[in-house]
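Heads up: the structure comes next, in structure tokens.
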Amino acid sequence: MTSPVLNLTALPRVPEHLRPPVDPRELRPRIVHFGLGAFHRAHQARYTENTAYRSGEPWGIVAVAPRSAGTAAELRAQDCLYSLTELRPSDTVTRVSGAIVEALGMRPGAERLDALLAAPDVSVLTLTITEKGYHRRADTGALDTAAPAVAADLATADTAALTTVVGRIAAGLAARMRAGGAPVTVVSCDNMAANGAALGRVVRDFVAAAPWPDRQAVLDWMAASVAFPSTIVDRIVPATTEADRRAARAALGVHDALPVVGEPYRQWVLEDSFAGPRPPWELDGALFVPDVVPYQLTKLRLLNGCHSALAYLGAAAGRTTVADAMATGWGERLVRSLCAEIAPTLPAGGPDPAAYAEDLVQRFGNPGIRHLLRQIGSDGSLKIPERWLDALRTLRAASAATPVLELALAAWANATRPADDGGQLFGTTDPAAPALGRCWHEGTGPEDTVRRLLHTLGAADLAADPGLVTAVATRLPALRAGRVEI
Ligand code: CS2
């Protein structure tokens, strides 16, 4: 039997306690979000909707799909409604979300987006575009103006032709200044250290490189009226499966083409430096702090660091999901020992690393969550520097032993082997995939290959550390044979 499609007309068919807490028609477009993926829908959108409910303030989100206008169209077909299911270890809780009030693609939605980015009522922009979306140079963190997509955006005056979010935001800010210049805050919600500063840097670099006659005026206005706070977002959100879709339909009684699922846990820590009005997200548990660094490094190095290690080691051992990797003889040990190894590199003022590690063991072991190692292991060349390399540098500078990080690096290296060498375990979506393949083809032996791989990560200093290179290379044969030895 076919069920009706989830939309405002069908909403009364959904059991009352599973409907949005606020009538979506009462919300206004006040936030523009770039990155219409499952993570945003399970995280910032949920905080925003609960905050609108608790505060009575009509904060609604206009969500922009930078790459796939298809997702925006699917969401529009449902009046922007979708369900979020929390996967607890023994049961599930589903609720329809109505936080998104409009869904746009960057190209077909260009004119509407121009108007929104200049509108004084829109005072917050948020982003989940992944590390790749920032187009940073691996060595300096500056905008890579030579990247083809960035160069093309710099060369066009037509906002409908822009394809990078960085270019889109820069053009939007310039238009905002010309329209009167209401202050605005741009919030990176991606997993990078100092993500606010990283975003501010690439947006300013774009403006400085643009051919606009008023670019200096835009930069001066940005310095006074645009804030780029750093934030930490946390919630495990695996890709939605067909089984998730069926379960959502069974719970709702209507068909939802875009359900999302996630763990019950969620966290959002934000640097308390906004340039204009913002939602009082603290009403839904977000934490506004003067300095996010201790939280940010703990989350990136412990949670994301362990995730990546599990992804590459799990792949070597033929496992598919995080929970599968945790169920091996070495999974829990890996999480605890990696956290213990990294803990001395974390600044004071954040969560207790040992307690954090125990929480990770629980969260990663949640059998209700099918979080694919493939999803986590993708784009490794962009993730690993954030997650492992600064910790590794700090430890090696202090002459501390780093056996677990060496093993993790060896597992990543093993996963980068080219397809003709039984590798490419994580496909070719990594922008560095061709360069990584060359490291194996051109390397004169395991140590040389490891050195080249480290250079590809922008880590010339670590490539020049012979002890590290040898330790990583020595671990490769066991991993190639599928053995994880911790
Ligand atoms: C994961 C993250 O895919 C990945 O790289 O490590 O998406 C992780 O699940 C989230 O950061 C959890 O908050």
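The values are calculated or read from the model by the stated rules, or taken from the named source; none is laboratory data. This one's a predicted model, so the numbers in the text were calculated from it and none came from an experiment. Please note: Cβ atoms are built from the backbone with ideal geometry, for glycine as well, and neighbour counts cover all protein chains shown.
For the stretch 350-367, a residue qualifies if it is of a type outside the set (D, E, K, R) and either more than 17 Å from Arg319 (Cβ to Cβ) or in a helix (DSSP H, G or I) (or both), and the qualifying residues are Gly350, Pro351, Pro353, Ala354, Ala355, Tyr356, Ala357, Leu360, Val361, Gln362, Phe364, Gly365. Select from the stretch 261-273 the residues that are crowded, with 18+ Cβ neighbours inside 10 Å and either within 26 Å of Val186 (Cβ to Cβ) or not β-branched (Val, Ile, Thr) (or both) and list them in ascending order. Matches in the stretch 261-273: Gly262, Glu263, Arg266, Trp268, Val269, Leu270, Glu271. Exactly one residue among Leu360, Leu382, Leu334, Leu373 is among the aliphatic types (A, V, I, L, M) and away from the ligand (no atom under 13 Å from the Cβ), and that residue is Leu334.
Which of the residues belonging to the stretch 258-286 are in contact with a Leu (Cβ under 8 Å, 6 or more places away or on another chain) and small (Gly, Ala, Ser)? The answer is Gly262, Ala286. Evaluation of Leu283 against the conditions (1) surrounded by 19 or more Cβ atoms within 10 Å (Cβ to Cβ); (2) touching a residue at least 60 places away in the same chain (Cβ under 8 Å); (3) not aromatic (Phe, Trp, Tyr) shows that the sole unmet condition is (1).
If you check Arg417, Arg452, Arg393 for being within 28 Å of Arg319 (Cα to Cα), assigned by TED's automatic domain parsing to the domain that holds Ile342 and out of contact with any Phe, Trp or Tyr (no Cβ under 8 Å at 6 or more places or on another chain), only one passes: Arg452.
Hey, can you tell me all the residues within the stretch 61-104 that are modelled with pLDDT of 95 or more, of a type in the set (S, T, N, Q) and assigned to a strand (DSSP E or B)? Correct list: Ser83, Thr85, Thr94, Ser97.
In the stretch 199-211, the residues that are assigned by TED's automatic domain parsing to the domain that holds Thr130 reach residues that are at pLDDT 95 or above and among the aromatic types (Phe, Trp, Tyr) with C-beta atoms within less than 8 angstrom, at least six apart or across chains, in these pairs: Leu199/Tyr134; Leu199/Phe228; Gly200/Phe228; Val202/Tyr134; Val203/Phe228. What pairs come out if I take residues in the stretch 366-387 that are closer than 12 Å to Val237 by Cβ and pair them with residues that are in a helix (DSSP H, G or I) and more than 10 Å from the ligand (Cβ to nearest atom) whose C-beta lies under 7 Å away, six or more apart or interchain? Cβ pairs passing all conditions: Ile369/Ala323. Would you say Arg107 is assigned to a loop (DSSP other than H, G, I, E, B), in contact with a Gly (Cβ under 9 Å, 6 or more places away or on another chain) and either surrounded by fewer than 21 Cβ atoms within 10 Å (Cβ to Cβ) or touching a residue at least 60 places away in the same chain (Cβ under 8 Å) (or both)? Considered against the rule, which asks whether it is assigned to a loop (DSSP other than H, G, I, E, B), in contact with a Gly (Cβ under 9 Å, 6 or more places away or on another chain) and either surrounded by fewer than 21 Cβ atoms within 10 Å (Cβ to Cβ) or touching a residue at least 60 places away in the same chain (Cβ under 8 Å) (or both), Arg107 comes out as no.
Of the residues in the stretch 287-300, at least one is closer than 22 Å to Glu386 by Cα, charged (D, E, K, R), part of a helix (DSSP H, G or I) and under 22 Å from the mean Cα position of the chain (by Cα).
Meeting the requirement of 1 or more residues that are modelled with pLDDT of 95 or more, in contact with a Pro (Cβ under 6 Å, 6 or more places away or on another chain) and small (Gly, Ala, Ser), the helices (runs of 4 or more DSSP H) wholly within the stretch 379-486 are 466-480. For beta carbons closer than 8 Å, sequence separation of 6+ or different chains, a first residue in the stretch 216-245 that is over 17 Å from Thr92 (Cβ atoms) and in contact (Cβ under 8 Å) with a residue 12 or more places away in the chain and a second that is of a type in the set (Ser, Thr, Tyr) and away from the ligand (no atom under 14 Å from the Cβ), the qualifying pairs are Val226/Thr185; Ala227/Thr185; Ala227/Ser273; Phe228/Thr185; Pro229/Thr185; Pro229/Ser273. Collect the residues in the stretch 287-312 that are away from the ligand (no atom under 14 Å from the Cβ) and in contact (Cβ under 8 Å) with a residue 40 or more places away in the chain, keeping them in residue-number order. Of everything in the stretch 287-312, those that are away from the ligand (no atom under 14 Å from the Cβ) and in contact (Cβ under 8 Å) with a residue 40 or more places away in the chain turn out to be Asp291, Val292, Val293, Pro294.
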